[in-house]
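*Asks:* Okay, handing you the structure first.
Just so you know, all these numbers are worked out from the coordinates, no wet-lab data involved. Since the structure is predicted, the reported quantities are computational estimates derived from the model, not experimental observations. Using ideal geometry, Cβ is built from the backbone for each residue, glycine included, and neighbour counts are taken over all protein chains shown.
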């Protein structure tokens, strides 16, 4: 037995120690309370939004792309619905029985069945839909719809595919859509201020972006804005209920200035020859025809093409994917002559009465080098008008010879050479407007006088795209002023004006008259076109020499190889005297601008002007 | 006040303050459980049966004289140890841990029993030792504590093992462990930490501690629990989201919402005000135990009340510390609130014994 003294000491020690532990626990307790307070009061906002973010899931809803129309309101590109049978696995208790019942109505092939069986469980546990069969026929749709009351856990849904009704006509102008890389996708989402997440697709091909042409340049307008469905989810990501639906904003429809009829005519006329046709409504600067041939079917590209077919297109020596209209570089050849003539007039180097004697060649005084015309023996006495009609090289050689290269280059750029002439063309090339600096930098040679002389007939380093030639043709037709070209003929596009001091309306009249003479005159280079139309057309043809030959005999030898033959080229506008449309045509290795490219140009103008 | 109701032939011993506050907590626990289990009425009914049975058990356990517990404390300890050994052999394995012994009608978590019987045994063993406790008794006591800890730790159940370990240490400390021994062993413990780390902790336990030290280390692994728990608590705000309105619990973001993390559910649905009210009841119980310990009739009773109340406090604090993200995640229920019969019953027994110790007066010694 412990005595009383010791009991007292023991009791005191016990109390002290118990108090120590309690004080310690009280401190811990206070700290916990403080911790809870800071979580619930100081950091409340942060955790509240974390809890909210936890329990909500945003699912994006894909918008439908805008429809693309031609200038008469005819649909060119549309979204064609296909009908898919979709089930809600979480509402199906017995999959076998369900499928058996379903198969009595709609045939489901084994690969689809396997796919459904494989994915059923996981889709069910996350409340996600599952596609059982794609592309239902109208008979299948009807069979299902009348029995749909039996299947509250299945429904038919539309999934679109992008379809061009004229798959070969607009391959380069409108282009096609396709999948995109993650970077592009991220950008699209970033621009809309959303983050990428699970998406309810409207297209059977998933995310789509314009890859080329108008589909690409107007992608933002056509694409629309993603909508959102906000669901409540549990920790596993299972969708519990829809909290909010912000519908997608479908893309804007696009009314282009393209003319289906003229496209058809141009395409048929080109008849798969390599080349391009571009026609412009002069008043608005809007492109009404835009063809590059040979072509390919955009529908196959956007909606699935076998790699064999694709490789065939890629490796085709005629390069169907190549957009000759805005990326093909061709020397303008004799079609440059109206611009050179105007330059001579503007700078008072010549006037309409000035004439020379054309012996068929020009001798460069500096080194006695001979520059030949296309006709042996020459054209005799030629003034500017006749030089245009008969396409006298000598006249323009000598005119160019008298010109300052820098002023000439500057002047030519007013006609669209070496410049971007279209506001919404896909990836256009600007051709080449060579100047002494360019030559030194790229070819390591100084500028020769001979280079300037060559420029006078549009040969040498100068090159332009058919699109630029169409712009050039239009600005000639419109007497020196024009809106930049576009596919939608915007009113807002600024009009570009060539600064002219010494050229008046009379000069323009005579220039147009000379170009009318190219077709209408008995000695015009394109006189064969006279009978193809019922109205007056102004034109200038050209023949692009790919291999320089001194005689016709030499040319006959080199033309054995088709690739060596001259390109045929023409610019034209009409109806005169008040032209509405201007056109340019290039046919590779077509040899004669007047008689090969010419009929194509006239056919397109016929189609446009009839209206 | 301590009550001794005298009837003609017998007396009833119980403490009305402890009884009322414990009953209140238990009923609140059922109410919280209904929400945490997303309206699982079966779970609530099962728990309610435990509560009812537990309250009766508590009442009966508080009737015998402390001398009864003193006398049979060795037997209780031996039975507890046998149960633990039986668990190691016959126990049901759940999630890789053998903690439960199937008794047919109920799975008993045997480690819950020993966290009561060990402190009582140690109180009985140490109550008449002269102060300070001699080195021999200190080491014998420590050996027993470590043995029990090791048995539970092997299940493995680090959390309960630590509570049992602490329960033993509390009694030893309260009984008068020499301060010199405390300082020396603390020094040794700190020095041996790296050894413990490398040899005694399972990889998942190490990972839990590492995650605790740097939660950003692995957001969806072991700290997922802590993160979700903090979100639940923090998003409750001052007033809470309302009963059954807690999205963290109802949408299953919160792990173990019915057991270890039920405090987070309460914090989410009832806010800071709610948890203050709840914790003040716990605090009241602890203060009441302190008072009862001071007024207990002898050293054995004081040690037992002190030891058992500190077991209760430690369980609560480990649970709270884990849920608010201060301590690593070790499985530890919130006493009297979390779902689970073994933990509930063990605390009812503990409080029954506390009441017995506090209410029985000793006849004056001659």
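*Asks:* Can you tell me the relative contact order of the range A:59-254? Whole percent, Cα pairs under 8 Å, sequence separation 6 or more. It would help to have the intermediate numbers written out before the result.
*Replies:* Details: 353 pairs, mean separation 67.2, N = 196.
With pairs under 8 Å counted, the relative contact order is 34 percent.
*Asks:* Taking a quarter of the surface of the Cα convex hull of chain A, what do you get in nm²? Numbers along the way, then the final one.
*Replies:* Values: hull surface 194.2 nm².
That works out to 48.5 nm², a quarter of the Cα hull's surface.
*Asks:* Given R₀ = 51 Å, what would the calculated FRET efficiency be for residue B:147 paired with residue A:236, taking r from the Cβ atoms and rounding to 0.05? If you can, show how the numbers build up before the last one.
*Replies:* Values: r = 43 Å, r/R0 = 0.84.
Computed FRET efficiency for residue B:147 and residue A:236 comes out at 0.75.
*Asks:* Now a separate question. What do you get for the angle between helix A:337-346 and the principal long axis of chain A? Use alpha-carbon atoms, 0 to 90 degrees, nearest ten.
*Replies:* Taking the Cα atoms of chain A, the angle to A:337-346 is about 80 degrees.
*Asks:* Take the Cβ-Cβ distance between residue B:92 and residue B:280 as r, set R0 to 30 Å, and report the resulting FRET efficiency rounded to the nearest 0.05.
*Replies:* On the way: r = 38 Å, r/R0 = 1.25.
Approximately 0.20, to the nearest 0.05.
*Asks:* Starting from the Cα of residue A:445, step 7 Å along the direction of its Cβ; do the same at residue A:41; then give the gap between the two resulting points in nm.
*Replies:* 8.8 nm
*Asks:* Related question: If r is the Cβ-Cβ distance from residue A:546 to residue A:252 and R0 is 45 Å, what FRET efficiency results, to the nearest 0.05?
*Replies:* Efficiency for this residue pair is about 0.50.
*Asks:* For peptide B:122-134, what's the mean number of Cβ atoms from other chains within 10 Å of each residue's Cβ? Numbers along the way, then the final one.
*Replies:* Values: counts 0, 0, 0, 0, 0, 2, 3, 2, 4, 6, 1, 0, 0.
Neighbouring Cβ atoms belonging to other protein chains average 1 per residue here.
*Asks:* Sort B:311, A:278, A:586, A:363 by Cβ crowding within 10 Å, fewest neighbours at the top.
*Replies:* Values: B:311 25, A:278 34, A:586 31, A:363 14.
Ranking B:311, A:278, A:586, A:363 by Cβ neighbours within 10 Å, fewest first, gives A:363, B:311, A:586, A:278.
*Asks:* For peptide B:299-309, what's the mean number of Cβ atoms from other chains within 10 Å of each residue's Cβ?
*Replies:* Values: counts 5, 0, 0, 5, 2, 0, 1, 6, 0, 0, 4.
Partner Cβ neighbours, averaged per residue: 2.
*Asks:* Any idea what angle helix A:44-55 forms with the longest principal axis of chain A, computed on alpha-carbon atoms, 0 to 90 degrees, nearest 10?
*Replies:* Between helix and principal axis, roughly 80 degrees.
*Asks:* Antiparallel versus total DSSP beta bridges in the range A:59-254: what percent is that, nearest 5?
*Replies:* On the way: 29 of 33 bridges.
About 90 percent, rounded to the nearest 5.
*Asks:* While we're here: Taking 0.36 nm per residue of sequence separation and subtracting the Cα-Cα distance, how much length would be gained by fully extending the chain between residue A:104 and residue A:11, in nm to one decimal?
*Replies:* Details: separation 93, 0.36 × 93 = 33.48 nm, distance 8.83 nm.
Gain in length upon complete extension: 24.6 nm.
*Asks:* Distance in nm between label sites at residue A:96 and residue A:554, each 7 Å beyond Cα in the beta-carbon direction?
*Replies:* The modelled label-to-label distance comes out at 8.7 nm.
*Asks:* Still on this structure, please answer the following. At 7 Å along Cα-to-Cβ for each site, give me the label-to-label distance between residue A:355 and residue B:27 in nm.
*Replies:* In this crude spin-label approximation the distance works out to 12.5 nm.
*Asks:* Sort B:21-33, A:118-130 for me by packing, meaning the mean count of neighbouring Cβ atoms within 10 Å per residue, highest on top. Don't jump to the answer; show the numbers that get you there.
*Replies:* Values: B:21-33: 19.5, A:118-130: 15.3.
Those peptides, ordered most packed to least, come out B:21-33, A:118-130.
*Asks:* Tell me the relative contact order for the range A:163-303 as a rounded percent, counting alpha carbon contacts under 8 Å between residues six or more apart. Intermediate results must be reported in sequence, preceding the final value.
*Replies:* Values: 210 pairs, mean separation 40.6, N = 141.
Relative contact order of the range A:163-303: 29 percent.
*Asks:* If you don't mind, there's one more thing I want to ask. Please average, across the residues of B:251-257, the number of beta carbons from any other chain that are within 10 Å of each residue's own beta carbon, and give a whole number.
*Replies:* On the way: counts 10, 5, 8, 2, 1, 0, 0.
Neighbouring Cβ atoms belonging to other protein chains average 4 per residue here.
*Asks:* Okay, next question. Under the definition of Cα pairs under 8 Å and six or more residues apart, what whole-number percent is the relative contact order of the range A:261-609? Could you put the intermediate results ahead of the total?
*Replies:* Details: 750 pairs, mean separation 78.0, N = 349.
Relative contact order for the range A:261-609 comes out at 22 percent.
*Asks:* For each of A:158, B:256, count neighbouring Cβ atoms within 10 Å of the residue's Cβ, then give the residues from fewest to most.
*Replies:* Fewest to most other Cβ atoms nearby, the residues stand as A:158, B:256.
*Asks:* Here's a follow-up. Most exposed first by the Cβ proxy, i.e. fewest other Cβ within 10 Å, how do A:165, A:535, A:330, A:555 rank?
*Replies:* Numbers: A:165 14, A:535 10, A:330 25, A:555 17.
Ranking A:165, A:535, A:330, A:555 by Cβ neighbours within 10 Å, fewest first, gives A:535, A:165, A:555, A:330.
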